[in-house]
């Protein structure tokens, strides 16, 4: 595993021509009463680092330090360290621009927080029009077939993963109100619905974490790590030859 | 059907307390050699207006003029009238803010262009944190179970719909290059991939429109109109009582 | 009449070298108790489309879809769908930039709302410095010698035009307060004066619409249509040869 | 004459309740071969200071330091110190906001450069919606009935004024190309036309300064000073009672 | 002394290749009960103009009009005309960009207000990356070895300088509260500390002006003028040969 | 030591009333041929964590995850992951705003990169005017009396510190050009000078790292850790009582 923070600039420049730069992004935000603020950051890093170890340099990937803050304005009713959508878009664009100026042609963003999703995809789509690059982005839970309750927020899925990856940071779930938040289960397929105050009404979580377990978490985690390993290989194969061939 | 443009301001204010405001948004952008620039706008309006006629005021909806321009920088290699992501986000935010200041508490955006998706969802999520409102957003093709090739761009799906809705505007498809664009069929599940120059390489479309037909288009259109009718009813029911109950 | 929304991108590109692109812009805003929210949009489109029919392709003009929203923050005390000055400037700049990238060298904006005037002119002046283009802009009521009471807001002029163009949308004028708004009749020649709350004090209009009539409206409308016909011909003649000759 | 720069903050606060704050704005930009870069600033200050002397405190006006830079991107082909439209709008908005926070309720902007016009009016219109103030703006040449050739740029009008006010700064006019710039004499009434490169083609001026004279300049200057005296009195009378009565 | 405002554009262009452009910047802000709002502007101009007279064209410097407004949000609790940090950064960047487009390769900013310091340095650092220029910036009080109480705000230092330079504008100091503001004397070396409301608690000044005198002021002023003379010569020598040699 | 990322939101909220939030910020940028890209981040974290261990909860500090990217546009000639000044200002403002919304009243930023200095101070000054908070900021090397060559860039100081803190990441210094960069040794006291291309000419460093040693580094590091311990205690004492007492 190659860590950009520990490489000299000449090593970084040399890597740019053929290697993939990987940026993990997370969040610091309320995760109900039993999970830590940094849950999304911790899980994005856990999945990323395990995948990079399994890849073992094949393909070679330069890992950037994780951006520990994401777009979490909906969690400020409780506690969060949140970047606005404009700020996060600017950060990602500046990072992509810097990497390109430093010689990289292929970049992958691995996301740990649902609220970063739209901004991350906007950043990638926009930057690929500006420079001759191949860019990829994913949320770590999306690389396997969809399952009910995945990812949710501070519920069964995330609690299980944290029990597997960081059990010392998981507290006892507190009871949550019997509210099904509208944004999480919209009243019709394909509809995005956002109602003021919904996160507070739902007690900061989307579903009941009671059934979470470390065993389930280990299984769910393994699948995501495998998914990221496969996704990186697939991105590498699809873009290894073609980058540098774009027209204007 | 109630059209905001033809109502007086007192009628608009009176509607705001209980009715839903609906904003269609589209685009002007290349749609290969056989479909018109305004395809996405035309289809968003076709689906919206048919759905509103079927609803027949139950629930009552105030329809805004369609925003005819969307976020289409990836089509400027050929021709487009495109708003940047920042501009489109500002437009949608200004519209939501105006509607709220004018008395509305429930707004639905109906989108006809895939490239607007992230910005539309960001706008809705962000504004619902700022004001005590219930907001919804959808792309017209997403309100029914997913099908292969839906929506694509200038391919089988859109060509069929246009043959059903505006046959006089559909030309003969020109042959397209045998390129499968990476953004449309990413190399791994859950991966967003954007490669510089890909739209030009793919000839401006995602799939072959040869098999498109008016009959297919009529069937696909009906399903979307029914989907929008059901989605508006569901949004109305889910939010009729609750708006105005949000906490800060 | 050629409508960009119904043209293929190749037709658009082919038109760009010699034809003029025309963008109508309007507003959605209170027009006192008797005129509809979309009055400015409707009148800009009425004048534009009649002028284009009379020109009959000589010179050839590609008409864009109308931007139905304008800069109307002063009408939000009642009801409006308003873009901020920054947003409208961004929209117009993005449209001009898109048209230039799509091959046009001559663009005309036809405006229906006084509040758009400064932003429209800024957009045109600024963009002509950035690209080798010839740009024009006008408000539809300014193309004929000045008359007292023209255009005003929701008064004699606009009510007459709407009685001629869209009589079914005109209600009975409600009495207005005997306030002469300061912004409309400034206390000294050449002075722009804006006082907080003035629009509400003036009841949303500038002058008494009682004397409006369809006959007057038809006369006023004809003069503006003729004015726009003449203006388009004059712009075409003045710039037909010269565009493409600019130096940097 | 009261000069904000030489007053203590308590004197400024005390003035705010009843006095008018006056901000002159100018530019630094090419004025052909015979007039100095600061022509617009010098003339705005000349007219302002003469008018304030004639008013002699009746009404009382607090004069701010002149903003010496304006919006002059069209003069950068030769030489200018120009603020972008966004920057100038931000400066004027910050100044209006500061004056309001410091206690003023009435502000007048006196402009010396045509290119500042749209931004100045936008700033005034927008700020009057945000705060309970009465704002006025004018360009010094607009306060008298229109005359042909007024103001132009570096031509008969400005050269005459400078010969009267600052003869030591006026050089010999150089011959100008026989180009009638399109922006200055648009091909149709009411049309704003901007063509790339036009200022350079016209040699940086709009008309021939040969007939300019100090006598003419003195007459033209007197009329503008009288105009500003009358405009300040009229603004004072129109707003003396009403400010503070606005509703939100 | 060469004043940009009184030069023609051709003289400005001719100067650009070898001469240094100098921009003084100041502020309008409360200076306790005895000093005028424009203190910082007046002192920046006093020091600058005396230094330029002493240099007597060796090296040759083109002096721009002073920017009379700075970044003073912390003084709005009393009275100020303040630009936000973003606005001031935009103004300085626009000025640097204009000067470069007008032919200058070397620019010096002379600042009179501590609150402008960070923005001034950001502007200079950023612009030097964009264009092949050599830029310098200083605050007039920093060009001599540090002394206790220099510069402070409205205390011994500034009062002494004003007694020397503009005695007619200096009033009797009013007693100030015995508060030592945290921002001025931070609790630990190297710590920037800002506490809400501190300026108001400290009565708008940092230290007692009682001991100020014109004699002291003259001495302090002379040292700063000599400092600026030496600094301009040093900047000229350090950059006379090298500008134009930068690589990208 | 309390780590925000591992705390639940209720623990964060409970801490806000009395504890200090601490945000380390660093950079990823070229550090000549022998130091890693993340040098500034690593050293900011090293000093911060050692200081927090020594404080041992007295006073209690909640440590945020380090922002690993800073403002490094001047290092992009080689390699860097840089945020623009606007982006970094937005990030810091969003973080301060989030912490305030989450209940904190006292925040300290500990910086590891000189290029962040102006933006960090702007952020702190500006935010303290908006909210009733006490904010502090420092660069880790500034908390002890100034020494020659401190901090420099990739020279004796930083190399010594890295030899003490992370010897495994330090390579052999490559020879550097005999250029004394103008920005690092300005030609006159108090002058900021920036010349295009200077960083590249200086080979990416400010001074010769040959004499660096782990022993020196350990001594320098200890002094900074002690400095930060003392600074945190001093900030705590100075603001423990007063926060919450600010007026508007």
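For segment D:29-40, state whether one or more residues are touching a strand residue (DSSP E or B) at 6+ places or on another chain (Cβ under 6 Å) and surrounded by fewer than 23 Cβ atoms within 10 Å (Cβ to Cβ). Among the residues of segment D:29-40, not one is touching a strand residue (DSSP E or B) at 6+ places or on another chain (Cβ under 6 Å) and surrounded by fewer than 23 Cβ atoms within 10 Å (Cβ to Cβ), which makes the answer no. Evaluation of residue C:105 against the conditions (1) crowded, with 24+ Cβ neighbours inside 10 Å; (2) closer than 30 Å to residue B:69 by Cβ; (3) touching a strand residue (DSSP E or B) at 6+ places or on another chain (Cβ under 9 Å); (4) more than 9 Å from every other protein chain (Cβ to nearest Cβ) shows that the sole unmet condition is (1). Scanning segment D:60-72 for residues that are farther than 16 Å from residue D:205 by Cβ and at the interface with chain E (Cβ under 9 Å from one of its Cβ atoms) yields D:64, D:65, D:66, D:67, D:68, D:69. Among the residues of segment D:143-155, the ones that are surrounded by fewer than 24 Cβ atoms within 10 Å (Cβ to Cβ), modelled with pLDDT of 95 or more and out of contact with any helix residue (DSSP H, G or I) (no Cβ under 8 Å at 6 or more places or on another chain) come to 1 in all. Of all residues in segment C:137-170, those that are more than 14 Å from chain D (Cβ to nearest Cβ) and over 18 Å from residue C:111 (Cβ atoms) total 13. Could you tell me whether segment F:2-12 includes any residue that is out of contact with any helix residue (DSSP H, G or I) (no Cβ under 9 Å at 6 or more places or on another chain), under 19 Å from residue F:115 (Cα atoms), assigned to a helix (DSSP H, G or I) and within 12 Å of another protein chain (Cβ to nearest Cβ)? For segment F:2-12, residues out of contact with any helix residue (DSSP H, G or I) (no Cβ under 9 Å at 6 or more places or on another chain), under 19 Å from residue F:115 (Cα atoms), assigned to a helix (DSSP H, G or I) and within 12 Å of another protein chain (Cβ to nearest Cβ): absent. Could you grab me the full set of residues in segment E:117-142 that are over 11 Å from the mean Cα position of the chain (by Cα) and in contact (Cβ under 8 Å) with a residue 60 or more places away in the chain? Correct list: E:132, E:133, E:134, E:136.
Look at (1) crowded, with 17+ Cβ neighbours inside 10 Å; (2) more than 26 Å from residue F:24 (Cα to Cα) and you find that residue F:179 fails only one, number (1).
Looking at the structure I just gave you, is residue F:77 closer than 22 Å to residue E:127 by Cβ, part of a loop (DSSP other than H, G, I, E, B) and in contact (Cβ under 8 Å) with a residue 60 or more places away in the chain? Yes; evaluated as a whole, the condition is true for this residue.
Yes or no, residue by residue, for (1) at pLDDT 95 or above; (2) assigned to a helix (DSSP H, G or I); (3) in contact with a strand residue (DSSP E or B) (Cβ under 7 Å, 6 or more places away or on another chain):
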site	(1), (2), (3)
D:14	yes, yes, no
D:18	yes, no, no
D:22	yes, no, yes
D:42	yes, yes, no
D:45	yes, yes, yes
D:48	yes, yes, yes
D:51	yes, yes, no
D:54	yes, yes, no
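Does residue D:95 satisfy the condition of being buried (at least 20 other Cβ atoms within 10 Å of the Cβ), within 26 Å of residue E:66 (Cα to Cα), more than 9 Å from chain C (Cβ to nearest Cβ) and in contact with a helix residue (DSSP H, G or I) (Cβ under 8 Å, 6 or more places away or on another chain)? The answer is no for residue D:95. Among the residues of segment C:76-87, those that are within 9 Å of chain D (Cβ to nearest Cβ) and more than 16 Å from the chain's Cα centre (by Cα) comprise C:76, C:77, C:84, C:86. If the condition is being farther than 24 Å from residue D:127 by Cα and either touching a helix residue (DSSP H, G or I) at 6+ places or on another chain (Cβ under 6 Å) or in a loop (DSSP other than H, G, I, E, B) (or both), then segment C:64-74 contributes C:64, C:65, C:66, C:68.
Being under 24 Å from the mean Cα position of the chain (by Cα) and surrounded by 15 or more Cβ atoms within 10 Å (Cβ to Cβ) holds for only one residue in E:194, E:237, and it is E:194. Please tell me if residue D:90 is modelled with pLDDT of 95 or more, more than 21 Å from residue D:120 (Cα to Cα) and either outside any loop (DSSP other than H, G, I, E, B) or at the interface with another protein chain (Cβ under 7 Å from one of its Cβ atoms) (or both). Against the criterion (modelled with pLDDT of 95 or more, more than 21 Å from residue D:120 (Cα to Cα) and either outside any loop (DSSP other than H, G, I, E, B) or at the interface with another protein chain (Cβ under 7 Å from one of its Cβ atoms) (or both)), residue D:90 does not qualify.
Checking each residue in segment D:163-206 for being closer than 16 Å to residue C:134 by Cα and modelled with pLDDT under 90 picks out only D:180.
Quick one: in segment B:120-136, which of the residues that are more than 7 Å from chain A (Cβ to nearest Cβ) and closer than 26 Å to residue B:29 by Cβ is surrounded by the fewest Cβ atoms within 10 Å (Cβ to Cβ)? Looking at the filtered set, the residue picked out is B:127. For segment A:22-55, a tally of residues being within 9 Å of chain F (Cβ to nearest Cβ) and without any contact (Cβ under 8 Å) to a residue 60 or more places away in the chain returns 3. Reported count of residues in segment D:93-106, each being assigned to a strand (DSSP E or B) and without any contact (Cβ under 8 Å) to a residue 40 or more places away in the chain, is 0. Does segment B:178-237 hold any residues that are within 17 Å of residue B:115 (Cα to Cα), without any contact (Cβ under 8 Å) to a residue 24 or more places away in the chain and more than 11 Å from every other protein chain (Cβ to nearest Cβ), and which are they? Once the filter is applied, which keeps residues that are within 17 Å of residue B:115 (Cα to Cα), without any contact (Cβ under 8 Å) to a residue 24 or more places away in the chain and more than 11 Å from every other protein chain (Cβ to nearest Cβ), segment B:178-237 yields nothing.
The values are calculated or read from the model by the stated rules, or taken from the named source; none is laboratory data. These numbers come from a predicted model, not from an experiment. So basically every Cβ, Gly included, is an ideal-geometry build from the backbone, and we count neighbours across all protein chains shown.
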